[in-house]
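The structure appears right after this line, and notes come after that.
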Amino acid sequence: MILGITGAFGCGKSSVLAAFAARAWRTFDADLLCHELYAESGGVLAQKLAQRWGSDTLTATGAVDRRKVGKIVFENSAELEFLTGLIYPELSRKLDELIADCRQEHADGVFEIPLLYEVNYEKKFDCVAAIWAKANIRHDRLKAQRNFSDTEIRQREARQLSADAKLERASFALINNGGFHELELQVERLIWKLKRADGQG
């Protein structure tokens, strides 16, 4: 079974991924895969971004400064489109490779992709689960855990489908308004449903 998970900013996707990992699923984080592209010092991505936005968008080692790039793209839709045009074709190829490996080895895999629907990746997966939480809970988490301001949160949310829209499009829902134990119970029930659908239970 190959599952995609998505959800709005701050809904707890990483916690869900950790719960799957604890239950022996292969887990993959699209953000981390993108970060590997950003971290290539002097790489093609770094060169192209420096040409467009200047060398101050790079770190001292020549890698991409993700925080600076984030401020640029979330304030300008044209720049976000430019960045997406560079990143997502590479990410798509990497995901296809990892999914193929899972299928060849008959391994269950779960992929965390925040912009899964926005970049039309849903057809890569057997099904999709959306993680949902109330807006005030999501915002409090982002402020406490990642030190985001209200402005930064609004800018990022404006560039994504809403939490409700993602929930409506998904095959399954996980509601993360409570603690991690409550979320784990939902993950266990989801795995049971997926195994039954896959003929394994």
>> Could you tell me what a quarter of the Cα convex hull surface of the range 109-201 works out to, in nm² with one decimal place?
In response: 6.7
> Along the principal axes of its C-alpha atoms, what lengths does the range 94-152 span, in descending order and rounded to whole Å?
Replying inline: 44, 21, 19
> How large is the helix-only mean residue ellipticity at 222 nm for the chain, computed as the sum of -39500 (n - 2.57) over DSSP H runs with n ≥ 4, divided by its residue count, in deg cm²/dmol to the nearest 500?
Replying inline: -17000 deg cm²/dmol
> So which GluC sites (Glu not before Pro) in the range 51-103 are both in a DSSP loop and have at most 16 other Cβ atoms within 10 Å of their Cβ?
Replying inline: GLU75
> Can you give the convex hull volume of the alpha carbon atoms of the range 2-194 per residue, in Å³?
Replying inline: 123
>> Run the reach check for LYS123 against lysines, Cα to Cα strictly under 24 Å, same-chain hits fewer than 8 apart removed. What comes back?
In response: LYS13, LYS94, LYS166, LYS193, LYS195
>> Can you give me the C-alpha center-to-center distance between the range 161-201 and the range 81-159, rounded to a whole angstrom?
In response: 15
>> Can you list the DSSP H helices in the chain whose Cα atoms extend at least 18 Å along the helix axis and whose mean Kyte-Doolittle hydropathy is -1.0 or higher?
In response: 77-104, 180-197
> In the chain, with Lys and Arg counted as +1 and Asp and Glu as -1 at Cβ, which of these residues, PHE125, ALA18, ALA50, has the Cα nearest the positive end of the dipole, that is, farthest along it?
Replying inline: ALA18
>> How big is the dipole moment of the chain about its Cα centre under a simple scheme where the beta carbon of each Lys and Arg is +1, that of each Asp and Glu is -1, and everything else is neutral? Debye, nearest 20, please.
In response: 300
> Which of the peptides 168-176, 156-164, 125-133 is most tightly packed, and how do the rest follow, going by the mean number of other Cβ atoms within 10 Å of each residue?
Replying inline: 125-133, 168-176, 156-164
> Just for the range 2-194, what percent of DSSP beta bridges are antiparallel, to the closest 5?
Replying inline: 5
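A short reminder: the numbers here are calculations on the coordinates, not readings from a lab. Model, not experiment: these values are computed from the prediction. Note: ideal-geometry Cβ built from the backbone for every residue, glycine included; neighbour counts use all protein chains shown.
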